[in-house]
Structure formats: C-alpha cells, structure tokens
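Report on the structure given below.
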Amino acid sequence: MNRILFRLASLVVICCASLGCSITGVRAQQLPHQDSVEMLLTNIAIQVECTQAINDMYNFKFRQAESIFRWLRRTYPEHPLPYFLMGLSQWWRIMPNPDNTQYDDRFLAYLDSAIEKGEKLLDNGRPKQKIEAAFFLAGAWGFKGRLYSDRKQWTKATFAGKRALKYMELAADQNDLSPELLFGDGLYNYYSIWVPENYPILRPVLWFFKKGDKALGIAQLEKVVAEAFYTKTEAMNFLMRIYGDESMPDKAFETARYLHTTFPDNPYFHRYYARLLYQRGQFYELESVAKSIIDKIDNGETGYEEVSGRYASFYLAHLYRVAYRDKARSKQYYERTVEFSEKAKAYEAGYYLYALSELAQMADAEKNILQAKKYYEKIIDHAEKKHPTYKEAKAYLQKHRKVK
C-alpha cells in the first residue's frame, strides 16, 4: 500500500514522461536558441524534429534515441529537457522488470541534472519558462519518487513525492498553454479517487489534497491522446490500464493493440497485449503473440526477459492444454513458466504456482508420483497457506507420504 501511495504522487506528475525527439541529419541552426522562445515544450520547430526518437525509445531502440537526446543536450545545455529525456530512456529500460536495479544510478543522475537545470530556469526564466521549469521539476521528482517506492525506500519516496506535488501546483491551471499539461491533471483527477477506493487505509492521507474526479480524469487523458504531441503515448499507456479497472475491456484491448502494433519491440506493451488476448480467449492470435515474446527472449532482444517469458509461456501452456489438447506441448510451456519464474525469483506468483500444480497433475497421471511430489514440495515451500495450490499440495503429499 505504501507503494501505491507514493505512486499516486508520481502518477499525477508524469505528464512529461513521454517527451522525446529524433533528428536525422538535422543542423543545429535549424532549431531556435533557448532564449528566443518562451517554452521549448510548445515550440513547433522542435516538435517537428522530435518525432522519431520518441518512437525509437518506446520501441526500445535506445541507442538511436539517446544519440539524439545527447545532441539535444549539446544544443540546450542549460535546459532540463535533454537531461530529463536521458533519464526517461533509463526508466523505460527498467519498465519490463521493475526489480532490475542496474539502471538506477544512471536514471537518478540524469534526473538530478534535470532538477538542477529546472531550478535555475525557475529562478531566472520568464513567466512561461517558469511554468515549463515547474513541469519538468514535477516530472523529475515524480519519477524519482516512483523508483524509490519500487525500491521500498519509503523516506526518500515520501520526500520526492512531496516535492513533485509542490512543483505540480506551480504549473496548475495552465493547460491553455499546452495540451501536454493536461496530462498531469487527468492522472491526478483519476488516481486521487481510485487510490482511496481501492486502499481505504490511505484515505486520511488524501484529506489534505483537492478532491479529484475519475470521469473527468479519463476525459482529460482521452483529450491528451487526441490533441497532445509529446504525451500521447504515456496517456494511452495509463488509459490501457484504467479502462481495465473501470470495466471497459474493449477500450483497454483496442488501446493495447494499438500500442503493441505501433511499438512491436516494446516488451511491456507486448506482454500486456498478450495478457488481454488471454483474458478474452482469443487463442488464435494469442499463440503467435506469445510465441513472439518467447522468440525475442531466446534471441536476446532488448528488454525481453524472464518476467515477460513467465507470462507468455503460461499462456501458451494453457492454450495447448485447453484448446489444442496437446499435453506434450502444454507440459513444455509449463516447464518454461517454472524456469522463467525461478530465474526472476517470482516464487509467489500465481503463474509459477499454477504451473507447478499442472505439472504435478501431469506427473501423477503418468504414475510418476515422486516427480509429482517434487513439484508439490516447491508449492509448499513458496505458496501462502491460504492459496488453493497449497491446499492441493498438502493433501497430495499427505496421501503419498509413504512413497519415496
């Protein structure tokens, strides 16, 4: 629940989470000098040149995207934008597996630089530049708070969340300057209601904040998708999950399909789309989508790792067991589910426990009681006592306790 609380502070300020740019063969003089424009965020010349790199970043082509972000840093060395972008690129490296800490230091260093540049711009900039500075400061502190909460560093997360909200307030009610700024309002309006609805214990914490409006928040995010340039993809990313929470499965599915089709090498979007296909029982398409995830993992493609593999292999195991009645292939993918789960150390995950249960039942059907007991013993080691697989394992082991 602590993680949810601290993510609320970050969710409301991730309105700059999808900023990016891409330039191919562009000369520096084509872009305006920082002092010649009121806000880089709304400058059309920069927007024209800032297209492909954001696509590269979301499609996990980080080398291409970051070469342009570094170019932008050389062009605007005193603006928070390029430093934030470099940090954002590290964030998307973390996204497929939030437990992966290898990018943390670089991520935090870039955001600290963005904060330093943002504070200077806030102190010395013109009125609209101050709003832009607050925008980036809120985003940088929000992302730091989100990472700290993932790492269970609660004191740091609390401090970062408070700083993020402080800067967000400085940029409040300025949505007329850019549809990008509407993103933060949309997230706040939705999640400030969603959090206490789903975590009542946190309601007292939110008494001191302005009351949100879930329906308005969704409408605002949909407007961002329709009108914004930089934040469109991030808005869609959140709406994909919000639609699911709000019992709008068709909208969630269409959004997930768009994101996966547009960014086919993004493992996060890839596995989310596979998950919705599985939930909808669309097995024909699920088979190719899930196999593609496994293939990308086996080929060592960027961002594809054990978490995505655990999802995809479980879906395929279920598909071959239920739809195709292919016991051998189903067993193969349940085994891979266990393999991926153990590599990811996801011992309490449902996919891991149910895969072990299915393998144990298959072994029992083959009269291989010793093998079945090994699977069930793993369940006993990792499942909570109230979990259905724990009760199943306990009963089986008790019944076959004399078999050695």
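The values are calculated or read from the model by the stated rules, or taken from the named source; none is laboratory data. What you see is a predicted model; the values in this text were computed from it and never measured. When we count neighbours, we look across all protein chains shown, and the Cβ atoms used for this are built from the backbone with ideal geometry, even at glycine. All accessible areas refer to the heavy atoms of the entire protein, side chains included, with ligands and DNA or RNA removed. Shrake-Rupley method; radii C 1.70, N 1.55, O 1.52, S 1.80 Å.
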Globularity index of the chain, i.e. its alpha-carbon radius of gyration over 2.2 N^0.38 Å: 1.10
Hz values of 3J(HN,Hα) by residue in region 108-124 - Karplus curve (6.51, -1.76, 1.60), Gly and Pro given as x: 5, 5, 5, 5, 4, 5, 4, 5, 4, 5, x, 5, 5, 5, 5, 6, 10
5 angstrom amide H check on C50, placed H, neighbours 5+ away: S22
Rounded percent of accessible protein surface that carbon and sulfur make up, region 99-147, 1.4 Å probe: 43
Ellipsoid equivalent to region 113-271 - semi-axes via the Cα gyration tensor, in Å: 26, 20, 17
Nearest-0.05 FRET efficiency for S288 and I369, computed from C-beta distance (R0 30 Å): 0.20
Surrounding net charge for K232, when Lys and Arg each add one and Asp and Glu each subtract one, Cβ distance under 14 Å: -3
Length gained when the stretch A226-E119 is fully extended (0.36 nm per residue, less Cα-Cα span): 35.4 nm
Kirkwood hydrodynamic radius (C-alpha pairs) into Stokes-Einstein, region 248-337, 10 °C and 1.306 mPa s, D in µm²/s: 122
Net +/- balance of residues flanking F269 in space, Cβ distance below 11 Å, scoring K and R +1, D and E -1: +2
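Less than 15 Å Cβ to Cβ from A393, Lys/Arg counted +1 and Asp/Glu -1: what total charge do the surrounding residues give?
Once all neighbours under 15 Å are counted, the net charge is +2.
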Gyration tensor (alpha-carbon) shape descriptor, region 47-138, a/c threshold 1.5: oblate
15 Å cut-off, amide nitrogen to a point 7 angstrom out along Q174 Cα→Cβ, residues in region 52-94: 80-81
Virtual spin-label span in nm between E254 and A45, 7 Å along Cα→Cβ: 3.9
Mean separation of Cα contacts under 8 Å, 6 or more apart, over the residue count of region 289-346: relative contact order %: 34
Long pairs among K144/K251; K144/K378; K232/K345; K130/K214; K130/K223; K117/K152, criterion Cα-Cα beyond 26 Å: K144/K251; K144/K378; K232/K345; K130/K214; K117/K152
Net length gained if the chain between D35 and A395 were fully extended (0.36 nm per residue, minus Cα distance): 122.3 nm
Karplus-derived 3J(HN,Hα), 6.51/-1.76/1.60, for each residue of region 132-147, Hz, glycine and proline x: 4, 4, 4, 4, 6, 5, 4, x, 5, 5, x, 5, 4, x, 5, 5
Amide N proximity, region 85-110 versus F159 label position 7 Å along Cα-to-Cβ, cut-off under 17 Å: 105, 108-110
